[in-house]
Amino acid sequence: KQEAIHHWNKVHSSFGSPLLDHCFNASRFQLVAAVSKSGKVDGSIWQYNREWVRDQAMIAQGLTMSGNFEIARKILKRLLEEFVTEQGDTIDSSEKRDRDEVELDQNGVLLDSLKNYVLWSGDLELVQETWEKILVTAEFPLSGAFCHQPSGLLANRREYWERHQVHGIQKGMELSHQLFTAIGLNSAALLARMINHEQEALRWEMEARRIR
């Protein structure tokens, strides 16, 4: 009991506003309640019994901002090690998708959540431990398979609400894929620079600027 009291006192924060305090406290209690000891989070209120990189990365960001660094780290490390393939594509609904149907925004969301975790926690060790996966996560959207030649933007058959070829979606450009890839590349560049990978940092900054 005393350990639990100490933990929640440590992550307590007040905004001086009853409404904001209520929303913050509801969030920090519920986020922790939804995560297993292994870092697994079932997707959605409908109990899919499946997992998404995007959803869990955003949960890790919320945990980070509410002071729950240990759980956030566990989620992020698990995502990088188990939910990013050797090629850099990410798992959605617990499945590996064909390139034409990957959710390209997930790479960017994961990298941005990792950056925010590192800035809030100071935990550079996680970046060093998972650098190879960070590298392929950042590079995956930049592979020629997704390049729309006339514009240089990213294109495939997957849109943000997860409709794809079976729903009649043709190859095209999804705004969220451009937005989160650019955000993620800038985040990856900052992480790269923090562990002295200047060449990668410059490349990712340039690509993020080009996409924007």
Restricting the stretch 117-135 to residues that are open to solvent by 10 Å² or more (accessible area, probe 1.4 Å) and outside any helix (DSSP H, G or I), which is nearest to Leu190 (Cα to Cα)?
Leu124
Can you tell me which condition Val166 does not meet? The list is (1) more than 21 Å from Ser94 (Cα to Cα); (2) modelled with pLDDT under 95; (3) not in a loop (DSSP other than H, G, I, E, B), and all the others hold.
(1)
Would you tally the residues in the stretch 100-116 being in a helix (DSSP H, G or I) and in contact with an Asp or Glu (Cβ under 7 Å, 6 or more places away or on another chain)?
1
For the stretch 164-182, which residues satisfy the criterion of being closer than 14 Å to Leu142 by Cβ and of a type in the set (Val, Ile, Thr)?
Thr181
Checked against (1) under 16 Å from the mean Cα position of the chain (by Cα); (2) at pLDDT below 95; (3) not hydrophobic (A, V, I, L, M, F, W, C), Thr137 satisfies every condition except (2)
Filtering the stretch 136-162 down to residues that are open to solvent by 40 Å² or more (accessible area, probe 1.4 Å), part of a loop (DSSP other than H, G, I, E, B) and closer than 13 Å to Arg97 by Cβ yields Arg157, Glu162
Single match in Ser94, Ser113 (criterion: among the hydroxyl-bearing types (Ser, Thr, Tyr) and surrounded by fewer than 22 Cβ atoms within 10 Å (Cβ to Cβ))
Ser94
Given the structure, is Asn186 within 27 Å of Thr64 (Cα to Cα), of a type in the set (S, T, N, Q) and either at pLDDT below 95 or in a loop (DSSP other than H, G, I, E, B) (or both)?
no
Condition set buried (at least 17 other Cβ atoms within 10 Å of the Cβ) and charged (D, E, K, R), scope the stretch 170-212, selection farthest from Glu125 (Cα to Cα): answer is Glu174
Matching residues, the stretch 50-105, being touching a helix residue (DSSP H, G or I) at 6+ places or on another chain (Cβ under 9 Å) and of a type in the set (S, T, N, Q)
Gln56, Gln61, Thr64, Ser66, Asn68, Thr85, Gln87, Thr90
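The values are calculated or read from the model by the stated rules, or taken from the named source; none is laboratory data. As the structure is a computational prediction, the values presented were derived from the model and not from experiment. Backbone-built Cβ (ideal geometry, glycine too); neighbour counts: all protein chains shown. Surface areas here come from the heavy atoms of the whole protein model, side chains and all, with no ligands, DNA or RNA. Shrake-Rupley method; radii C 1.70, N 1.55, O 1.52, S 1.80 Å.
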